[in-house]
Amino acid sequence: MESAWRKEFQMSAKYGLSDRDLARRRARIRAGMMWHVGTFMIVNAFLWIVDLWMGQDGLQFAHWITGAWTIALLLHGFAWLIEGRDGRQQRAKVNLDRAQRATL
């Protein structure tokens, strides 16, 4: 199985991306994931505080929201690790190249 970095290197050679473009792309992808994690932590902390403050007998709703969002965050993380955030664009470029070669 190829690593995501190797795929990016091959893509950079194929599409003429510079090292600087790749570095920017990696930084943008990482920043997007970190924003998702940061938002998750801040919003869920607020929800837990409100739930504990207003709840009558223990937890009322925060655990359901945190559980569902945790699953979504894990799926986002797995997708980020497996193929990167721009996986669809990469696949679209490959399919376009194949189609162009087939018509030649």
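The values are calculated or read from the model by the stated rules, or taken from the named source; none is laboratory data. The shown structure was predicted, so the numbers you read here are calculated from the model rather than taken from an experiment. We place every Cβ from the backbone using ideal geometry, glycine too, and count neighbours over all the protein chains shown.
Summary table
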{"item": "Of all residues in the stretch 55-104 being in a loop (DSSP other than H, G, I, E, B) and under 12 Å from the mean Cα position of the chain (by Cα), the one that is modelled with the lowest pLDDT", "result": "ARG85"}
{"item": "Qualifying positions in the stretch 22-41 - over 24 Å from ILE65 (Cβ atoms), surrounded by 13 or more Cβ atoms within 10 Å (Cβ to Cβ) and without any contact (Cβ under 8 Å) to a residue 40 or more places away in the chain", "result": "LEU22, ARG26"}
{"item": "VAL50 being at pLDDT 70 or above, closer than 17 Å to HIS76 by Cα and surrounded by 10 or more Cβ atoms within 10 Å (Cβ to Cβ)", "result": "no"}
{"item": "Yes/no for MET41 being out of contact with any helix residue (DSSP H, G or I) (no Cβ under 8 Å at 6 or more places or on another chain) and modelled with pLDDT under 85", "result": "no"}
